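Here's the structure we're looking at; comments come further down.
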Amino acid sequence: MEHSNFKAITINNQKRDDDLHLFFDELLAGGSRGDMADVIIEFIARHVFRLEDYIEVAGTYSRTIVSQSGNGFEAMIARWPEKTVTSIHGHPDYAFYYCLIGRIGVEHFVMKDSGLERVSSKIMQSGEYYSVQGKSGTFENAIHRITPLEESLTLHVYSDDPAKGLLYSSTQVPLLF
Ligand SMILES: [Fe+2]
């Protein structure tokens, strides 16, 4: 059965007084860097992430904004109830996401003349991540759809506000997960 797309609730939580916020404020203020993913992964390894620290929203997933740098870069943590599937959406040139807790199904797409085509799918478990440096000036990078397969927590870093990106019609491609 096709799921409907769940509309996320975004919570602005840019505290300035703890390790998590200080780390991302400093990192993102520096803009693009070649070792962005490595630096984030090294931080994740020494930071404790707990589901209960992030807001649970009935019936959909929450997006907690951790840092916005003013140069477009943003760090966000998403808490997902099971099966709260996203729309199919693209990203700005830099996109990174990391499965902190739980398990998510990720489908990747490309836009062809004939429409959206699914090119890969995988289940990401806690500790797995995805990082891509794509084309700048477009949100057609890393077009994907996420389906949490259990209650999950993920961390995302983008080089621009993901809300600026296009949403694609999900009915074109039936859900895999
Ligand atoms: Fe995404």
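We did not get these values from a lab; they are worked out from the coordinates using the rules stated. Bear in mind that the values here come from a model prediction, so they are computed numbers and not experimental data. Don't worry about glycine lacking a Cβ; one is built from the backbone with ideal geometry, like all the others, and counts go over all protein chains shown.
Rounded, prolate or oblate: which one fits region 83-124, using the alpha carbon gyration tensor with axes a ≥ b ≥ c (rounded when a/c is under 1.5, else prolate when a/b beats b/c, else oblate)? Write down the numbers at each step before the final one.
Working: a/c = 2.21, a/b = 1.60, b/c = 1.38.
Verdict is prolate for region 83-124.
For a quick check of your reading of the filter: which trypsin sites (Lys or Arg not before Pro) in region 67-159 sit in a DSSP loop and have no more than 16 other Cβ atoms within 10 Å?
LYS83, LYS135
Which chymotrypsin sites (Phe, Trp or Tyr not before Pro) in region 1-106 sit in a loop by DSSP (not H, G, I, E or B) and have at most 16 other Cβ atoms within 10 Å of their own Cβ? Numbers along the way, then the final one.
Numbers: sites: PHE6, PHE23, PHE24, PHE43, PHE49, TYR54, TYR61, PHE73, TYR94, PHE96, TYR97, TYR98; in loops: PHE6, PHE49, TYR54, TYR61, PHE73.
Here the chymotrypsin sites (Phe, Trp or Tyr not before Pro) that fit, given the DSSP loop and packing criteria, are PHE49.
To the nearest 0.05, how large is the calculated FRET efficiency for VAL110 and ARG50 if R₀ is 41 Å and r is the Cβ-Cβ distance? Mind dumping the intermediate values first?
Working: r = 36 Å, r/R0 = 0.88.
It comes out at approximately 0.70.
If the reach is capped at under 27 angstrom between alpha carbons, list the lysines near LYS122, excluding any in the same chain fewer than eight residues apart.
Cross-link targets: LYS7, LYS83, LYS112, LYS135, LYS164.
Which listed residue (TYR98, ILE146, PHE177) has the Cα farthest towards the positive end of the charge dipole for the chain, taking +1 on Lys and Arg C-beta and -1 on Asp and Glu C-beta about the Cα centre?
Working it through, the farthest residue towards the positive pole turns out to be PHE177.
What do you get for the angle between helix 36-46 and the principal long axis of the chain? Use alpha-carbon atoms, 0 to 90 degrees, nearest ten.
So the helix axis and the longest Cα principal axis differ by about 70 degrees.
Assigning unit charges at the beta carbon (Lys, Arg +1; Asp, Glu -1) and nothing else, what dipole magnitude in debye, to the nearest 20, does the chain show about its Cα centre?
So the magnitude is around 380 debye.
Where does helix 19-29 land angle-wise versus the long Cα axis of the chain, in degrees 0 to 90, nearest 10?
70 degrees
Along the charge dipole of region 11-98, Cβ charges K/R +1 and D/E -1, which of SER69, GLY30, PRO81 sits furthest on the positive end?
Comparing the listed Cα positions along the dipole, PRO81 ranks first.
Based on the alpha-carbon gyration tensor of the chain and its eigenvalue square roots a ≥ b ≥ c, which shape applies: rounded if a/c is under 1.5, prolate if not and a/b is larger than b/c, or oblate?
Here the chain falls in the oblate category.
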